[in-house]
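Note sheet for the following structure.
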Amino acid sequence: MGLKNTRAGNYPEWYQNVVNEADMAENSSSPGCMVIKHWGYGIWERIRDVFDEKIKETDHENCYFPLFIPLSFFQKEAEHVDGFAKEMAVVTHSRLAMKDGKLVPEGKLEEPLIVRPTSEAIIADSFSKWVKSYRDLPVLVNQWANVVRWEMRPRLFLRTREFLWQEGHTAHASATEAEEETKRMLEAYRDLCENTLAMPVLVGRKPEHEKFPGAVDTYCVEAMMQDGKALQAGTSHFLGQNFAKSANITFVNKNNESEYAYTTSWGVSTRLIGGVIMTHADDEGMVVPPKIAPYQVVFVPVIKKPEDADAIMAYISNIANEAKKVMPFGEKIRIKIDKRDKSSVDKFWEWTRKGAPIICEIGMRDVEAQNVMVKERIKLGTPEGKQIVSAKEFIDTLATRIDSIQKHLFNKAKERLEQNIRTDIKTPEEFKKYFESSNVWIEDGKQGKVAFVRGKWSGDANSEELLKAMKITIRCIPFDQSGTEGVCLLTGKPATMDVIYARSY
RNA sequence: CGGGACAUAGCUCAGCCUGGUAGAGCGCUUGCUUUGGGAGCAAGAUGCCGACGGUUCGAAUCCGCCUGUCCCGACCA
């Protein structure tokens, strides 16, 4: 039966269906904001736990900075940073008063406060107090927080007014060291996306017009969604001395000279969950990679006669206890026994729509034969969709089964990415014609739909307008440059730089 | 923030044109029959018809205004 909308039929509606049917998130009564429900938040917790470990392994420490940032901090920055976007939540009053039966804001603040859209400004202010000498550097901090950007067209996980993220902020004594930090965390993002989310990405540098305002260089990881559009999955910025100058982060170097520090910032957000959905979900619903699945194995009891219930539950409990000793990826396994008073078919389809990697249905027949019926989400609808194996075999193969699901998801997505980067488009005419077709679902294992183009770019100043007119973007300048000569796909001028062109979210 | 569409039961929607006290399907509850790939029958519960104001004896229905949602733009650190 599947979802109401399919990927091929109506991709945006399909996306909403997946989020709703998997019980991941919903729109809140607070406009533009989302309620992240247990299954979506559980996935976020997994992403957070995995990356938090990485943050600490790379010597960063978690801190917490204020939600409110004085307006003047942005004023300072605006002088340095041209074109800073203005969609922000502004706090102007400090209390509510009752007037003629209506609540009205009162106590106007002398200086308005901005609800943080990102924390460079307020963190740089702290850095300026913490850093005196080269011995105080580097400062390596991270915070897990919520941020607010007053988006006009919200979409669950992909763009909401409030979202959760981590933002790393560091200060260094030299540009080289700061640049190394920027690249190190970019690599950490690539690793997170590919090895944890099973979402292959392209890594590279943003062109000038796509950079974070105030950054010297912005690096990014870009993923391909199943409709051929690109999703920026994470960014890492080398900020040079720009923010150090506006916040006055200075230190005395070994030669007893005062110098501005070099800073970086890097972040990934709940948007990653949107990326995971559009990378792995299918027309039956969500598919969660085992490494981030809140439950990797769900047991569904099939109870036909009430008198069998105790025997079935006892048998499941035994198997679950054995399964708890299994360590997929060398980590503690996550198991759920679905004891709710609902029909087993309903439970099966609910967990299927949620994308739980493995569902085990266990009834009296299995108890008697000491078997387990194993259903892998990625094999739904195929002849291997349900396998009856002995309890022993189930336990013995569980770790490899989970491991192979993770690998399968990555390989499938990797193949899709590789098959849908066109490299044979060499002229502006071909290029224009290609992007005139609309994006649709890239069917698994097939190519030919509109997706990415890898080709030449001259870097001309009028590129931004040309791109805008075609509704495409330059996603990144990949690190692996060919160095060959060719023709700019936008202007027709001679060019050597390779870039990735695509439509994007 | 511009252009368009929409707002009725938990969900998807009909009713509105032509004003007269609220409908369907799914879901939910109960019972019986079923059950290993999305069950069947029967009975039941569920609504300030998005908010405010107007026209009218009477408004889900007509008019105004607001708010929200979706689509298309602009924006998107």
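If you go through the range A:469-489 one residue at a time, how many are surrounded by 21 or more Cβ atoms within 10 Å (Cβ to Cβ) and under 17 Å from residue A:424 (Cβ atoms)?
Total satisfying the criteria: 2.
Which one of these does residue A:320 not meet: (1) farther than 30 Å from residue A:195 by Cα; (2) surrounded by 13 or more Cβ atoms within 10 Å (Cβ to Cβ)?
(1)
Can you name the residue in the range A:1-40 that is over 20 Å from residue A:348 (Cα atoms) and in contact with a Gly (Cβ under 9 Å, 6 or more places away or on another chain) and, of all such residues, is farthest from RNA strand B (Cβ to nearest atom)?
Taking the range A:1-40 and keeping what is over 20 Å from residue A:348 (Cα atoms), we get A:5-16, A:25-36.
Pick out the ones that are also in contact with a Gly (Cβ under 9 Å, 6 or more places away or on another chain) and you get A:15, A:25, A:34.
Working: A:15: 8, A:25: 11, A:34: 10 Å.
Checked the range A:1-40; the qualifying residue farthest from RNA strand B (Cβ to nearest atom) is A:25.
Tell me which residues, restricted to the range A:195-213, are farther than 28 Å from residue A:43 by Cα, in a loop (DSSP other than H, G, I, E, B) and out of contact with any strand residue (DSSP E or B) (no Cβ under 6 Å at 6 or more places or on another chain).
Matches in the range A:195-213: A:213 only.
Restricting attention to the range A:434-447, which residues are in a loop (DSSP other than H, G, I, E, B) and of a type in the set (D, E, K, R)?
Listed by number, the residues that qualify are A:443, A:444, A:446.
Would you confirm whether or not the range A:204-213 contains a residue that is more than 13 Å from RNA strand B (Cβ to nearest atom) and either farther than 20 Å from residue A:260 by Cα or crowded, with 21+ Cβ neighbours inside 10 Å (or both)? It would help to see each step written out before you state the result.
Looking only at the range A:204-213, we keep the residues that are more than 13 Å from RNA strand B (Cβ to nearest atom), and these are A:204-205.
If we keep only those that are either farther than 20 Å from residue A:260 by Cα or crowded, with 21+ Cβ neighbours inside 10 Å (or both) too, we end up with A:204-205.
Yes, the range A:204-213 contains at least one residue that is more than 13 Å from RNA strand B (Cβ to nearest atom) and either farther than 20 Å from residue A:260 by Cα or crowded, with 21+ Cβ neighbours inside 10 Å (or both).
So which residues in the range A:248-278 are closer than 26 Å to residue A:327 by Cβ and in contact with a Leu (Cβ under 8 Å, 6 or more places away or on another chain), if there are any at all? Full working, then the answer.
Going through the range A:248-278, the residues closer than 26 Å to residue A:327 by Cβ turn out to be A:272-273, A:276.
Once the filter is applied, which keeps residues that are closer than 26 Å to residue A:327 by Cβ and in contact with a Leu (Cβ under 8 Å, 6 or more places away or on another chain), the range A:248-278 yields A:272, A:276.
Scanning the range A:133-156 for residues that are exposed (fewer than 13 other Cβ atoms within 10 Å of the Cβ) and modelled with pLDDT of 95 or more, which turns out farthest from residue A:57 (Cα to Cα)? Before the answer, list the steps.
From the range A:133-156, those exposed (fewer than 13 other Cβ atoms within 10 Å of the Cβ) are A:133, A:135, A:152-153; that's our starting set.
So of that shortlist, the ones also modelled with pLDDT of 95 or more come out as A:133, A:135.
Working: A:133: 25, A:135: 21 Å.
Residue satisfying both the conditions and the ranking: A:133.
Quick one: residue A:431 ticks every box in (1) within 22 Å of residue A:6 (Cα to Cα); (2) in a helix (DSSP H, G or I) except a single one, so which number is it?
Among (1) within 22 Å of residue A:6 (Cα to Cα); (2) in a helix (DSSP H, G or I), the lone unmet condition for residue A:431 is (1).
Could you go through the range A:310-324 and let me know if any residue there is more than 7 Å from RNA strand B (Cβ to nearest atom), polar (S, T, N, Q) and in a strand (DSSP E or B). Quick ask: steps written out before the conclusion?
Going through the range A:310-324, the residues more than 7 Å from RNA strand B (Cβ to nearest atom) turn out to be A:310-324.
Now drop any that are not polar (S, T, N, Q), which leaves A:317-318, A:321.
Now narrow it down to the ones that are in a strand (DSSP E or B): none.
Checked the range A:310-324: no residue is more than 7 Å from RNA strand B (Cβ to nearest atom), polar (S, T, N, Q) and in a strand (DSSP E or B).
Is it the case, given these coordinates, that residue A:335 is farther than 25 Å from residue A:284 by Cα and either buried (at least 19 other Cβ atoms within 10 Å of the Cβ) or more than 10 Å from RNA strand B (Cβ to nearest atom) (or both)?
Details: farther than 25 Å from residue A:284 by Cα: no; either buried (at least 19 other Cβ atoms within 10 Å of the Cβ) or more than 10 Å from RNA strand B (Cβ to nearest atom) (or both): yes.
Taking the combined requirement at face value, the residue does not satisfy it.
To keep it simple, each residue is scored yes or no on (1) touching a Cys at 6+ places or on another chain (Cβ under 7 Å); (2) of a type in the set (A, V, I, L, M, F, W, C); (3) within 13 Å of RNA strand B (Cβ to nearest atom).
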position	(1), (2), (3)
A:122	no, yes, yes
A:127	no, yes, no
A:134	no, no, no
A:143	yes, no, no
A:157	no, yes, yes
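Hey, does the range A:124-136 have a residue that's within 19 Å of residue A:44 (Cβ to Cβ), in contact with a strand residue (DSSP E or B) (Cβ under 9 Å, 6 or more places away or on another chain) and in the same structural domain as residue A:73 (by TED's automatic domain parsing)?
Step one: of the range A:124-136, the residues within 19 Å of residue A:44 (Cβ to Cβ) are none.
No: zero hits.
Of the numbered conditions (1) surrounded by fewer than 23 Cβ atoms within 10 Å (Cβ to Cβ); (2) within 30 Å of residue A:280 (Cα to Cα); (3) not aromatic (Phe, Trp, Tyr), residue A:241 fails exactly one; give the number of that condition.
(2)
In the range A:361-388, which residues are near RNA strand B (Cβ under 6 Å from one of its atoms), in a strand (DSSP E or B) and without any contact (Cβ under 8 Å) to a residue 24 or more places away in the chain?
A:373
Pick out the one residue from A:288, A:300, A:345 that is outside the structural domain of residue A:234 (by TED's automatic domain parsing) and assigned to a loop (DSSP other than H, G, I, E, B). If you could, list the steps in order and put the result at the bottom.
Details: A:300 fails: assigned to a loop (DSSP other than H, G, I, E, B); A:345 fails: assigned to a loop (DSSP other than H, G, I, E, B).
Selected residue: A:288, the only one of A:288, A:300, A:345 that is outside the structural domain of residue A:234 (by TED's automatic domain parsing) and assigned to a loop (DSSP other than H, G, I, E, B).
Report, by residue number, each residue of the range A:255-280 that is within 19 Å of residue A:160 (Cβ to Cβ) and within 16 Å of RNA strand B (Cβ to nearest atom).
Within the range A:255-280, A:267, A:268, A:269, A:270, A:271, A:272, A:274, A:275, A:277, A:278 qualify.
So which residues in the range A:144-194 are closer than 21 Å to residue A:19 by Cα, in contact (Cβ under 8 Å) with a residue 60 or more places away in the chain and part of a loop (DSSP other than H, G, I, E, B), if there are any at all?
Result: A:151, A:152, A:154, A:156, A:157, A:158, A:160, A:161.
Hey, which of the strands (runs of 3 or more DSSP E) in the range A:58-121, taking only ones fully inside, have at least 1 residues that are more than 22 Å from residue A:239 (Cα to Cα) and at pLDDT below 85? Quick ask: steps written out before the conclusion?
Details: elements: A:68-70, A:90-99, A:102-115.
The qualifying strands (runs of 3 or more DSSP E) are A:90-99, A:102-115.
In the range A:285-309, how many residues are within 11 Å of RNA strand B (Cβ to nearest atom) and touching a helix residue (DSSP H, G or I) at 6+ places or on another chain (Cβ under 6 Å)?
7
The values are calculated or read from the model by the stated rules, or taken from the named source; none is laboratory data. This one's a predicted model, so the numbers in the text were calculated from it and none came from an experiment. Glycine also receives a Cβ, built like all others from the backbone with ideal geometry; neighbour counts cover every protein chain displayed.
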